[in-house]
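See structure below.
The values are calculated or read from the model by the stated rules, or taken from the named source; none is laboratory data. Since we're looking at a predicted model, the values are computed, not measured. Cβ atoms come from the backbone with ideal geometry, glycine included; neighbour counts cover every protein chain shown.
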Amino acid sequence: IVAEVADEGRGIPLQHQARIFEPFGLLNSDDPASNYRLDEGSTGLGLSISRELAHVMQGELKLVSREIGSCFRLEVPAETWEVPTEKRVDDDTANQVPKWDGSGTSVLLAEDNNINVMYAVALLKKWNVEVDVASDGLEALKLLKRRQYDVILLDVQMPNLDGLETLRRIRAQDKSAQSDSQRVFMVTAFADSDTRDAATLAGASGFLAKPFSPLELLSVLTTSS
């Protein structure tokens with residue numbers, strides 16, 4: 001399956017094309033005369049996450065050279081999602097989906113971004129992992145009252161109740177119930193030292209930086225508590 005999205009705008013200069021798929025790969029310039037300025041509120045993660053989603057489906061998202069404007073092409077195999085046995089052309093093994101049977105493993109994913117949810121759930125279901133999704137910390141706590149999970153993935157920045165406060169309440173519940181601490185990993189694109197220190201103090205089991213590769217997510221799932 002091939003899908004293309006094209007425009008006839010100003011295009012992307014050749015010298016910038018190699019980095020637009022990198023995390024935080026913003027087209028920015030200190031030159032006041034440049035047409036390529038940083039859009040307010042942009043994180044530079046959209047194309048990186050989109051390519052990760054394509055890789056989950058064993059496909060590819062690429063920029064096709066044009067004289068005018070830009071053209072992005074999505075190519076997805078129509079018959080199979082199996083991991084290819086041949087070596088990828090770009091040898092980008094980190095973005096291939098490793099084989100693993102996670103049957104019997106349960107995950108609670110607390111994330112308010114639909115694209116991030118789609119990406120993570122696609123990977124987890126491919127590994128036969130049971131996953132429940134919460135759109136914020138309050139919903140996550142409600143789900144935790146019903147059952148425990150093998151792994152909890154908490155986005156740091158969520159509406160209503162953020163990841164750090166959710167983590168604190170989870171640890172308080174663990175202590176009150178005198179139960180073993182659940183494995184809670186903080187997921188964030190902005191893992192500054194203050195956030196990491198606060199999360200570690202609150203009892204985080206570890207961190208997962210956005211955008212994460214399939215191998216990085218698998219490492220979290222298979223790490224011993």
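Summary table
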{"quantity": "Count of residues meeting criterion [acidic (D, E) and touching a residue at least 60 places away in the same chain (Cβ under 8 Å)] in segment 161-187", "calculated": "0"}
{"quantity": "Pairs with Cβ under 7 Å, 6+ apart, first in segment 148-160 and closer than 18 Å to T200 by Cβ, second in a strand (DSSP E or B) and of a type in the set (K, R)", "calculated": "V151/R183; I152/R183"}
{"quantity": "Among residues of segment 84-117, those that are within 17 Å of M57 (Cβ to Cβ) and at pLDDT 95 or above, counted", "calculated": "0"}
{"quantity": "Condition check for T166: within 28 Å of G104 (Cα to Cα), assigned by TED's automatic domain parsing to the domain that holds Y119 and modelled with pLDDT of 95 or more", "calculated": "yes"}
{"quantity": "Residue list for segment 143-156, filter: of a type in the set (D, E, K, R), assigned to a helix (DSSP H, G or I) and surrounded by 16 or more Cβ atoms within 10 Å (Cβ to Cβ)", "calculated": "none"}
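Yes/no matrix, rows are residues, columns are (1) of a type in the set (D, E, K, R); (2) out of contact with any helix residue (DSSP H, G or I) (no Cβ under 7 Å at 6 or more places or on another chain); (3) at pLDDT below 95; (4) on the phi < 0 side of the Ramachandran plot:
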| residue | (1), (2), (3), (4) |
| --- | --- |
| D132 | yes, no, no, yes |
| V151 | no, no, no, yes |
| D180 | yes, yes, yes, yes |
| S193 | no, yes, yes, yes |
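Let's see how each residue does on (1) part of a loop (DSSP other than H, G, I, E, B); (2) over 23 Å from A3 (Cα atoms); (3) modelled with pLDDT under 80; (4) within 16 Å of the chain's Cα centre (by Cα):
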{"site": "S29", "(1), (2), (3), (4)": "yes, yes, yes, no"}
{"site": "S34", "(1), (2), (3), (4)": "yes, yes, yes, no"}
{"site": "R51", "(1), (2), (3), (4)": "no, no, no, yes"}
{"site": "L63", "(1), (2), (3), (4)": "no, no, no, no"}
{"site": "E67", "(1), (2), (3), (4)": "yes, no, yes, no"}
{"site": "R73", "(1), (2), (3), (4)": "no, no, no, no"}
{"site": "E82", "(1), (2), (3), (4)": "yes, no, yes, no"}
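Residues are listed down the side, and each one gets a yes or a no for (1) among the hydroxyl-bearing types (S, T, Y); (2) surrounded by fewer than 16 Cβ atoms within 10 Å (Cβ to Cβ); (3) part of a strand (DSSP E or B); (4) modelled with pLDDT of 90 or more:
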{"position": "Y119", "(1), (2), (3), (4)": "yes, no, no, yes"}
{"position": "L141", "(1), (2), (3), (4)": "no, no, no, yes"}
{"position": "M158", "(1), (2), (3), (4)": "no, no, no, yes"}
{"position": "A172", "(1), (2), (3), (4)": "no, yes, no, yes"}
{"position": "F190", "(1), (2), (3), (4)": "no, yes, no, no"}
{"position": "A204", "(1), (2), (3), (4)": "no, no, no, yes"}
{"position": "E216", "(1), (2), (3), (4)": "no, yes, no, yes"}
